[in-house]
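So the structure is just underneath, and the comments pick up after that.
The values are calculated or read from the model by the stated rules, or taken from the named source; none is laboratory data. Just so we're clear, the structure is a prediction, and the values are computed from it rather than from any experiment. Every residue, glycine among them, receives a Cβ derived from its backbone with ideal geometry; neighbour counts consider all protein chains shown. Note: areas computed on protein heavy atoms with side chains; ligands, DNA, RNA excluded. Shrake-Rupley method; radii C 1.70, N 1.55, O 1.52, S 1.80 Å.
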Amino acid sequence: MQLAHPLVAQGVLDYSSMKKDPVGRLNRTLQLTQAFVFGTNKEMQQSAERINRVHKAVKGSLPQPIGGHHAGASYHALDPELLTWVWATLADTAVLVYETFIGPLTDKEKESYYKEFKKLLPPLGGNIETTPEKFRDVIAYFEKRYKSKKIVVGEDVKREIVPYLLLQKPRSLKLPLLPLSIPLVKITVGLLDRKSTRLNSSH
């Protein structure tokens, strides 16, 4: 979902170590994320500072037009609009994964979680005021972004990023890890299909 935004995807294409060290990259991301979400106030602040230092250098432009974005459109990982998109995809996906594999959540539980999740944005340079007000408004936010023609999965993403995310391409992976790509593909595609169903049923 994050990579469906061409400006976010271009930042990954230009700067991510995913292709060279996919497992190491995943491990570093998980460590920072866990410390940021579940750590003490000090650990959260330190994690945010590390993330922001990395994001500060992530900037560039699109080499070709994609969807509603023109060639040369600039991106910066600290752009509040891009931060909001990434944050919203994480907020929505966390609930979808929980309800798919653990159990249903009440509307009250979803709104409580969403209120807490909003607190993660400001330390990373995001703006709470630009987020959907309630969790139930997230779907409408996605729909608006889709209709803007600025959410498009580019061919470079399909070719250069997706195979690594799904553990289908990295030569550095050990043989025992390769079978994980089969359930990973099924889970990823299944979750995306459920997202699509939710969007269609909202009309």
Within segment 54-63, tally of residues that are in contact with a helix residue (DSSP H, G or I) (Cβ under 9 Å, 6 or more places away or on another chain) and open to solvent by 40 Å² or more (accessible area, probe 1.4 Å)
6
In the set Leu78, Leu30, the lone residue that is without any contact (Cβ under 8 Å) to a residue 60 or more places away in the chain and either loosely packed, with under 13 Cβ neighbours inside 10 Å or over 28 Å from Pro132 (Cβ atoms) (or both) is Leu30
For Asp92, only one of the following conditions fails: (1) within 21 Å of Ile161 (Cα to Cα); (2) surrounded by 15 or more Cβ atoms within 10 Å (Cβ to Cβ); (3) charged (D, E, K, R). What is its number?
(1)
Just to be sure I understand, how many residues within segment 101-110 are touching a residue at least 12 places away in the same chain (Cβ under 8 Å) and open to solvent by 50 Å² or more (accessible area, probe 1.4 Å)?
1
Among what's in segment 133-167 and is open to solvent by 70 Å² or more (accessible area, probe 1.4 Å), over 17 Å from the mean Cα position of the chain (by Cα) and in contact (Cβ under 8 Å) with a residue 12 or more places away in the chain, pick the residue that is nearest to Asp92 (Cα to Cα).
Arg136
Quickly run through segment 33-68 and pick out the residues that are among the hydrophobic types (A, V, I, L, M, F, W, C) and farther than 16 Å from Val86 by Cα.
Ala35, Phe38, Met44, Ala57, Leu62, Ile66
With respect to Gly72, determine if the residue is over 26 Å from Arg136 (Cα atoms) and either touching a Lys or Arg at 6+ places or on another chain (Cβ under 8 Å) or open to solvent by less than 30 Å² (accessible area, probe 1.4 Å) (or both).
no
Kindly list the number of the only condition in (1) at pLDDT 90 or above; (2) open to solvent by 40 Å² or more (accessible area, probe 1.4 Å) that fails for Ile66.
(2)
If you take the residues of segment 105-118 that are assigned to a helix (DSSP H, G or I) and in contact with a helix residue (DSSP H, G or I) (Cβ under 8 Å, 6 or more places away or on another chain), which of them is farthest from Met44 (Cα to Cα)?
Asp107
Looking at (1) under 22 Å from His69 (Cβ atoms); (2) β-branched (Val, Ile, Thr); (3) open to solvent by less than 40 Å² (accessible area, probe 1.4 Å), which one does Thr130 not meet, given that it meets all the others?
(3)
